[in-house]
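**Student:** Got a structure here, written out as structure tokens. Questions coming.
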Amino acid sequence: MITQAVIKDIEAVIHITHTTIESIYPHYYPRGAVDFFLSHHNRTAIKRDIDGGNVFILRESGIPAGTVTVNGNELNRLFVLPEFQGKGLGSQLMKFAEKKISENFAEICLSASLPAKKIYLSKDYTPAEYHMIKTDNGDFLCYDVMTKSLR
């Protein structure tokens, strides 16, 4: 079941986000980039998005297993805990976010990390831009901005 997150869900959203980043991203990115992602998805940013009504949680048998954030036509912060991956929960979150965005927009935009890019390509997203951010310790974080037409 996917529901809108409320402030009491902040710890669950942080847990899902940070656990997934710490488990998956080190296989694709150097430590400086992983640390950048963790600081980018910080408590303040998550609280702001929850307060704005933009964060959603997917629960599997009552357990918070995944999250997605929708800001305007942007699909952000889509994470599924590693132990729940491979069960279609990410696809459920993506379909939910796409439907929500399609109510007001003709196109979705997202920033795809290296581990997520393949998934988005399989869901008809198209790379539009490529970015590299130099982190504080000199590592680089690379990602694609991707789009998908909803019409």
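The values are calculated or read from the model by the stated rules, or taken from the named source; none is laboratory data. Bear in mind the structure is a predicted one, so any value in this text is a computation, not a measurement. With ideal geometry, Cβ positions are generated from the backbone for all residues, glycine too; neighbour counts draw on all protein chains shown. Side chains included, ligands, DNA and RNA excluded: accessible areas come from the protein's heavy atoms. Shrake-Rupley method; radii C 1.70, N 1.55, O 1.52, S 1.80 Å.
**Student:** Going by average Cβ neighbours within 10 Å, how do the peptides 103-110, 10-17 rank, with the highest at the top?
**Tutor:** Values: 103-110: 14.9, 10-17: 18.5.
Final packing ranking: 10-17, 103-110.
**Student:** Moving to a separate point now. If you roll a 1.4 angstrom probe over the protein chains with everything in place, what fraction of the accessible area of the chain belongs to carbon and sulfur, to the nearest %? Please report the intermediate quantities before stating the final value.
**Tutor:** Details: 4170 of 7960 Å².
Answer for the chain is 52 percent, counting heavy atoms of protein chains only.
**Student:** Taking one equal scatterer on every alpha-carbon of segment 86-151, how large is log10 of I(q)/I(0) by Debye at q = 0.15, 0.18, 0.26 1/Å?
**Tutor:** -0.54, -0.72, -1.14
**Student:** Step through the residues of segment 17-23 one at a time and calculate ³J(HN,Hα) from phi using the Karplus curve (6.51 cos²θ - 1.76 cosθ + 1.60, θ = phi - 60°), rounding each to whole Hz and writing x for Gly and Pro.
**Tutor:** Karplus values, whole Hz, x for Gly and Pro: 5, 6, 5, 5, 4, 5, 7.
**Student:** Also, quick follow-up: Go through 72-80, 21-29 and give me the packing order, highest mean Cβ count within 10 Å leading. The partial results should precede the final answer.
**Tutor:** Values: 72-80: 20.7, 21-29: 16.1.
My ranking of the peptides, most packed first, is 72-80, 21-29.
**Student:** If you don't mind, another one. Taking the Cα centre as origin and putting +1 on Lys and Arg beta-carbons and -1 on Asp and Glu beta-carbons, what dipole magnitude results for the chain, to the nearest 20 debye? Before the final figure, lay out the partial values.
**Tutor:** Values: 17 positive and 17 negative charges, 58 e Å.
With only Lys, Arg, Asp and Glu charged at Cβ, the dipole is about 280 debye.
**Student:** Also, quick follow-up: To check my understanding: the extent here is largest minus smallest coordinate of the Cα atoms along each principal axis. What are those three numbers for the chain, in Å, largest first?
**Tutor:** 40, 35, 29
**Student:** Now for a different question. Averaging sequence separations of C-alpha pairs under 8 Å and six or more residues apart, then dividing by the length of segment 40-141, give the relative contact order as a whole percent.
**Tutor:** Details: 92 pairs, mean separation 17.4, N = 102.
This gives 17 percent for segment 40-141.
**Student:** What is the calculated FRET efficiency for Lys134 to Arg43, with r their C-beta to C-beta distance and R₀ = 25 Å, to the nearest 0.05? Can you show the working numbers first?
**Tutor:** Numbers: r = 25 Å, r/R0 = 0.98.
Approximately 0.55, to the nearest 0.05.
**Student:** Once the piece of chain linking Arg151 and His27 is laid out straight, how much longer is it, given 0.36 nm per residue of separation minus the C-alpha distance between them?
**Tutor:** Working: separation 124, 0.36 × 124 = 44.64 nm, distance 3.55 nm.
Length gained between Arg151 and His27: 41.1 nm.
**Student:** Quick check: residue separation of Phe105 and Ser91 times 0.36 nm, minus the Cα distance between them. What number comes out in nm? Spell out each step's value before the answer.
**Tutor:** Values: separation 14, 0.36 × 14 = 5.04 nm, distance 1.98 nm.
Gain in length upon complete extension: 3.1 nm.
**Student:** What percent antiparallel are the DSSP beta bridges of the chain, to the nearest 5? List each step's numbers first, then the result.
**Tutor:** Details: 28 of 29 bridges.
Beta bridges within the chain, antiparallel portion: roughly 95 percent.
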